[in-house]
Amino acid sequence: MSLKKGQELELEISELAFGGKGLARKDGFVVFVDQTIPLDIVIARIIKKKKNYADAIIVTIVKESPFRIKPPCIYSGCCGGCKWQFLKYDEQLVFKRQHVIDSLEHIGIIKDVPVHSTLPSKVTYAYRNKMEFSCSDRRWLMPDEFGMENLDLDFAIGLHVPGTFHKVLDIKKCLLQPGLGNNILDDIREFIKNSNIPVYGLRSHKGFWRFLMLRHSAAYDQWMVNIVTAEESNKIVKPLSDLLTAKYPEIVSVINNINKRKAGIAVGEYEILLAGSPFIRDKVGRFEFKISANSFFQTNTLGAEILYKKVMEYAGLSGKEQVVDLYCGAGTISIFLADSARELVGIEISESAVRDAEINCQNNGVTNCRFILGDIKDCLEQVKKPDVMIIDPPRTGMHEKVVKQVLDMSPARIVYVSCNPATMARDLGMIKDDYSVLEVQPVDMFPHTYHIESVARLERK
Ligand SMILES: C[S@@+](CC[C@H](N)C(=O)[O-])C[C@H]1O[C@@H](n2cnc3c(N)ncnc32)[C@H](O)[C@@H]1O
């Protein structure tokens, strides 16, 4: 195809590709156009040309897709926090389901499996109970900020431009978190700006302030503030903690994680409790969970209840089964299933999550769960063969060795939970000779993003 970088051409978008980009074909050649959706007709400029495809950006929209709406967020289109606010919510659900089907068919070579309609999120804004904002010594400007005077160009606290690690927008208001989170974010921004202590440079790896993580308890309307810094300095962070707890009675926990490593993650090598409790409490269904700063907890609390009910249904428990819960986090699924099984064993690599899981069992009066701390590939052999296995891996999916161990253990039923259709399809593809994939239920935990959670029901052949 004779397309060239810089060339402009009119395209009609026909599909949505993974990553949320619109896809058009020009004489059969695939062009991905960011920030477009099916039935948009656009003039697009080619920014990258490869052998089999090209990447393009919108120059102008000639005709808007009927699926478009006006996004409520001023950062929409520039921010990587969520990319689909301009797409009608009902259509998001349709495209997400299609993405699950396509992944199963193309990656797992699994066809003719019923993939049900996506279960929607009960709330579509302010649904996230955890937000992670990055600090940067370089602010990435919104298009309408170019040329403005009096802007601090060497400071930002916010979210990244999609697909970048160093481009951070200074976000004043994120609609994915409950409103008070934005007030807390603003106070922290002002404190950091006035502290005369440098923010961390994402390229230079020098500076002090690194991340801000806010956790919200939907059940109790309480907040945890986790300030991630490159070094330990009580003298610098304690006044911030004092300011926040004095101003916001809703803040019940202030933590300082210290991350001296270059890796841009909000989990520190150790943490210091600055105020209140080291946990935040939240509820999923009738169960209450204590969650530490660094423990995994589903980010959409109301969505988690829908997800876990589906896991429960697919597990088909009668009260007699031995269940293994792989990648169990803070024990949430195990506790949800505890009444319906004889015994549950969870395996999890995060020490704080296992500690939380044990406390969560005690607090919920659950006595038939136990947890093993460690990497699943090294621990799975310690547990006896289960009747039912729950597998809820991180985005990267299962380690190949774990796939083999699961097949050797050969449980009668598997419920596979995943936030990444591609790795789910890959993993199910590896076990499909031994297990039938009976049905898959997409559950939307992440409105306005292209991400989708799925639950698959598998039965030994
Ligand atoms: C998607 S979360 C699922 C947590 C839990 N099932 C829930 O619903 O809250 C994945 C979990 O796997 C854990 N994990 C990641 N790699 C692991 C490994 N190799 N061995 C054990 N646990 C692991 C993470 O710490 C995280 O808690």
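The values are calculated or read from the model by the stated rules, or taken from the named source; none is laboratory data. Quick caveat, the model's predicted, so the values are computed rather than measured. Positions of Cβ are generated from backbone atoms using ideal geometry, with glycine treated the same way; all protein chains shown enter the neighbour counts.
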TODO: Given the conditions (1) within 11 Å of VAL324 (Cα to Cα); (2) surrounded by fewer than 16 Cβ atoms within 10 Å (Cβ to Cβ); (3) not small (Gly, Ala, Ser), report the number of the one that VAL406 does not fulfil.
DONE: (2)
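Taking VAL62 as the residue in question, decide whether it is free of Cβ contacts under 8 Å to residues at least 60 places away in the same chain and surrounded by 18 or more Cβ atoms within 10 Å (Cβ to Cβ). Spell out the reasoning first.
Working: free of Cβ contacts under 8 Å to residues at least 60 places away in the same chain: yes; surrounded by 18 or more Cβ atoms within 10 Å (Cβ to Cβ): no.
Judged against the criteria, VAL62 is not a match.
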TODO: Could you tell me which residue of the range 293-309 is farthest from ILE349 (Cα to Cα), considering only residues that are among the small types (Gly, Ala, Ser) and either in a helix (DSSP H, G or I) or within 9 Å of the ligand (Cβ to nearest atom) (or both)?
DONE: GLY303
TODO: Report yes if some residue within the range 178-192 is modelled with pLDDT under 95 and out of contact with any Ser or Thr (no Cβ under 9 Å at 6 or more places or on another chain); otherwise report no.
DONE: no
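Take the conditions outside any helix (DSSP H, G or I) and within 11 Å of the ligand (Cβ to nearest atom) and apply them to GLY319. Does it pass?
Details: outside any helix (DSSP H, G or I): yes; within 11 Å of the ligand (Cβ to nearest atom): no.
No; evaluated as a whole, the condition is false for this residue.
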- [ ] Scan the range 327-342 residue by residue and report those that are more than 10 Å from the ligand (Cβ to nearest atom) and either over 16 Å from LYS310 (Cα atoms) or among the aromatic types (Phe, Trp, Tyr) (or both).
- [x] ARG342
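Mind checking which residues of the range 23-53 are of a type in the set (Gly, Ala, Ser) and modelled with pLDDT under 95? Can you show your working first?
If we filter the range 23-53 for residues that are of a type in the set (Gly, Ala, Ser), which is where we start, we get 24, 28, 44.
Hit for the range 23-53 is GLY28, nothing else.
Any residue that is within 13 Å of the ligand (Cβ to nearest atom), basic (Lys, Arg) and under 13 Å from ILE390 (Cβ atoms) - is there at least one of those in the range 352-365? Don't jump to the end; show me each part of the working.
Step one: of the range 352-365, the residues within 13 Å of the ligand (Cβ to nearest atom) are 352-357, 360.
Still in the running and basic (Lys, Arg): 355.
Those left that are additionally under 13 Å from ILE390 (Cβ atoms): none.
No.
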Open item on the list: What's the number of the only condition in (1) without any contact (Cβ under 8 Å) to a residue 24 or more places away in the chain; (2) part of a loop (DSSP other than H, G, I, E, B) that GLY19 fails to meet?
Closed with: (1)
TODO: Given the conditions (1) more than 9 Å from the ligand (Cβ to nearest atom); (2) of a type in the set (A, V, I, L, M); (3) touching a strand residue (DSSP E or B) at 6+ places or on another chain (Cβ under 9 Å), report the number of the one that ILE390 does not fulfil.
DONE: (1)
- [ ] Just give me the residues in the range 107-155 being assigned to a loop (DSSP other than H, G, I, E, B), touching a strand residue (DSSP E or B) at 6+ places or on another chain (Cβ under 7 Å) and modelled with pLDDT of 95 or more, in sequence order.
- [x] ILE110, VAL113, PRO114, HIS116, THR118, SER121, TYR127, ASN129
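Evaluate the range 260-267: report whether one residue or more is on the phi < 0 side of the Ramachandran plot and buried (at least 21 other Cβ atoms within 10 Å of the Cβ).
First pass over the range 260-267, keeping only residues on the phi < 0 side of the Ramachandran plot: 260-267.
The next check asks that each one be buried (at least 21 other Cβ atoms within 10 Å of the Cβ); those that pass are none.
Checked against the condition, which is being on the phi < 0 side of the Ramachandran plot and buried (at least 21 other Cβ atoms within 10 Å of the Cβ), the range 260-267 yields no hits at all.
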TODO: Could you check how many residues of the range 443-461 are buried (at least 24 other Cβ atoms within 10 Å of the Cβ), assigned to a strand (DSSP E or B) and not aliphatic (A, V, I, L, M)?
DONE: 2
